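So the structure is just underneath, and the comments pick up after that.
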Protein chains: 2
Amino acid sequence: MLQRRIDDHAPPTREAMREAEEIFYTHLRRVGLKHTDQRDTILHTFLETRDHLSTDELFRLVRKKDAKVGFTTVYRTLKLLGECGLASMVPFPDGTTRFEHQFNRRSHHHMVCTECGASVEFFSPEVTKIEEDIGRKYRFDATRHNFQIYGLCEDCRKRSSRKPV
Amino acid sequence: MLQRRIDDHAPPTREAMREAEEIFYTHLRRVGLKHTDQRDTILHTFLETRDHLSTDELFRLVRKKDAKVGFTTVYRTLKLLGECGLASMVPFPDGTTRFEHQFNRRSHHHMVCTECGASVEFFSPEVTKIEEDIGRKYRFDATRHNFQIYGLCEDCRKRSSRKPV
DNA sequence: ATGAAATTGAAATTCATTTTCAATTATACG
DNA sequence: CGTATAATTGAAAATGAATTTCAATTTCAT
């Protein structure tokens, strides 16, 4: 699906990058895994993006830096990034799983156009509060959430009113 | 994934059933589709459940009523149910898409245990308000949303504290 | 340096979802 | 009540994302 972003964000600062590396390598050490060039390249490529990437999209970006890295390695590294909290999976309505940065990022959510796939990010501190409240209520140790709003964006609404169903 | 339900709900009343049928058949007529026994059976089977069903799970239930109904027909009918608002798709973290009743149902959300897959339903009117607000703000015609909270349920928390990582 | 253990990536596999197509069935109309 | 037309059905095939396999390669502690 087309992935047009309506808003965008500043790239991560130098030190945010450094801190993310720290987290990743610490995680690797803890679970007894090794430090490799591929993992480096993938981490950096991931950090440099601001989009919601599918494994395949990240793979393509990684390829530009190092054509020898395989899809499988990207897939597995993305999993590692998830484990240490740097990335989180977002199941999209088109059935694909996408990943996004979790580190140093305000809790944010997405509004997705069901017609053209355009997405807007929005911030809603209330949602974090709801997560805490509900977790407490049902005695869950709530760690994350997933919130998407679907609808028609302005452009598609105009377009569809021209040629109505 | 295991799908234990923590809470459950009353089955639909006779008239709620009737009303749902009405909605379905009206939709069929409107888009020029025909009324068939299979679609009947699938609609009824779906309405009688309260769980989050995958296409395959519904298919198995339908089979018990009429062994001649094929998977494809269930799949397609579920799509139709979605179109007329009787069912909605919920992408689950295990990668499968599940369907749930939308008719006569308070807007509700799910808290899912990442360890055992247990799910609790909860109600949060604030979420609906957020949907409206954000829609207005970004000029989207917001039609639905998707909200899940992930975490560890009480049982799994106890279990994991016994054998720590 | 060396060797045990982890990593890599191409290819194969899995599995849910979706499409295809020929036979069947529903419905509108004469 | 036929009959024509268009939709439906379901088995099977296709698709496509996610995951696993495995032999060759690389990392890293010693």
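Taking the options B:L61, B:L78, name whichever one is without any contact (Cβ under 8 Å) to a residue 60 or more places away in the chain and within 13 Å of DNA strand C (Cβ to nearest atom).
Every option except B:L78 fails the conditions.
If A:F99 meets every condition in (1) away from DNA strand D (no atom under 16 Å from the Cβ); (2) within 14 Å of chain B (Cβ to nearest Cβ); (3) surrounded by 17 or more Cβ atoms within 10 Å (Cβ to Cβ) apart from one, which number is that one?
Going through (1) away from DNA strand D (no atom under 16 Å from the Cβ); (2) within 14 Å of chain B (Cβ to nearest Cβ); (3) surrounded by 17 or more Cβ atoms within 10 Å (Cβ to Cβ) one by one, A:F99 breaks only (1).
Looking only at region A:68-113, how many residues end up being at pLDDT below 80 and among the β-branched types (V, I, T)?
Result for region A:68-113: 2.
Return the residues of region B:56-95 that are among the acidic types (D, E) and open to solvent by less than 50 Å² (accessible area, probe 1.4 Å); say none if nothing qualifies.
Matches in region B:56-95: B:D66 only.
May I ask you to list pairs of residues, at least six apart or on different chains, whose Cβ atoms are under 9 Å apart, with the first in region B:85-98 being in the same structural domain as B:E21 (by TED's automatic domain parsing) and the second being in a loop (DSSP other than H, G, I, E, B) and at pLDDT 85 or above?
none
Restricting attention to region B:109-120, does a residue exist that is under 30 Å from A:R157 (Cβ atoms), facing chain A (nearest Cβ under 7 Å) and open to solvent by less than 70 Å² (accessible area, probe 1.4 Å)?
no
Is it the case, given these coordinates, that A:F46 is within 12 Å of DNA strand C (Cβ to nearest atom) and either buried (at least 18 other Cβ atoms within 10 Å of the Cβ) or modelled with pLDDT under 95 (or both)?
When the stated conditions are applied, A:F46 does not pass them.
Among the residues of region B:121-142, what is the count of those that are open to solvent by 50 Å² or more (accessible area, probe 1.4 Å) and without any contact (Cβ under 8 Å) to a residue 12 or more places away in the chain?
The total comes to 9.
The values are calculated or read from the model by the stated rules, or taken from the named source; none is laboratory data. What you see is a predicted model, and the numbers here were worked out from it, not measured in a lab. For neighbour counting, all protein chains shown are included, and Cβ atoms are generated from backbone atoms with ideal geometry for every residue, glycine included. Protein only, heavy atoms only, side chains kept; ligands, DNA and RNA dropped before computing areas. Shrake-Rupley method; radii C 1.70, N 1.55, O 1.52, S 1.80 Å.
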